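No value in this document is a laboratory result; all are computed from the given coordinates. As the structure is a prediction and not an experimental result, all values here were calculated from the model. Note that we place each Cβ from the backbone using ideal geometry, even for glycine, and neighbour counts take in every protein chain shown.
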């Protein structure tokens, strides 16, 4: 793929500290952003809505693990929320209108984000997560792995910078917790 002017901008999402930072052109970013476990949801006025989207799972260990996939029952109701975005590199693509998120950034995985590569296990660890991750605004559900900036104005500033950048924008996701395969064998669905 040819890159306009050979320019690449880089961002970093540190899942442990929940900080999205970096620069695109001359624009610097450092913002709080959430990923996984329903974090980043808008406060529910209706307690039934908070129960429906399992907002209480935001503080659980499973909600902090990239190997935790979203789980729904036969009627499509949440049984478990997905964990944070798996570690690795993603290419950022601006979308003017997504059917659910409106203006957002789609994150396309690089090869190193298709599985978890760790010095603690001899093989790549499949994380079992889908391909559809975004940087989007807060909503009633929150995140099942997407990145949700805490301040809407900062998200729109990021969207604008990615849209206008004459090159490729990459984001590295790091400091993400996960389970090793022996631990996953005992995971209860």
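Could you tell me the calculated FRET efficiency between residue 160 and residue 110, based on Cβ-Cβ distance and R0 = 25 angstrom, to the nearest 0.05? Before the final figure, lay out the partial values.
Values: r = 24 Å, r/R0 = 0.95.
Calculated transfer efficiency: 0.55.
What ranking do 7, 64, 157 get, fewest neighbouring Cβ atoms within 10 angstrom at the top?
Values: 7 13, 64 20, 157 16.
Ordered from fewest to most neighbouring Cβ atoms within 10 Å, 7, 64, 157 come out as 7, 157, 64.
When the expected Rg is taken as 2.2 N^0.38 Å, what fraction or multiple of it is the alpha-carbon Rg of the chain?
Working: Rg = 16.6 Å, N = 189, 2.2 N^0.38 = 16.1 Å.
Output field value: 1.03.
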**Zone residues, the stretch 85-116, relative to residue 7, backbone N less than 20 Å from point 7 Å out along Cα-to-Cβ** = 90-96, 105-106
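Determine, for 112, 73, 144, the number of other Cβ atoms within 10 Å of each Cβ, and report the residues in order from fewest to most. Numbers along the way, then the final one.
Details: 112 16, 73 8, 144 26.
The most exposed by this proxy come first: 73, 112, 144.
Provide the packing ranking of 166-178, 50-62, i.e. peptides ordered by the mean count of other C-beta atoms within 10 Å per residue, highest first.
Values: 166-178: 18.0, 50-62: 16.3.
Ranking the peptides 166-178, 50-62 by packing returns 166-178, 50-62.
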**Prompt:** Label point 7 Å out from residue 118 along Cα-to-Cβ: which residues of the stretch 53-87 have amide N under 11 Å?
**Reply:** 65-68
**Request:** Of the DSSP beta bridges with both residues in the chain, give the percent that are antiparallel, rounding to the nearest 5.
**Result:** 75
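Rounded if a/c is under 1.5, else prolate if a/b beats b/c, else oblate: with a ≥ b ≥ c from the C-alpha gyration tensor eigenvalues square-rooted, which is the stretch 35-87?
Verdict is oblate for the stretch 35-87.
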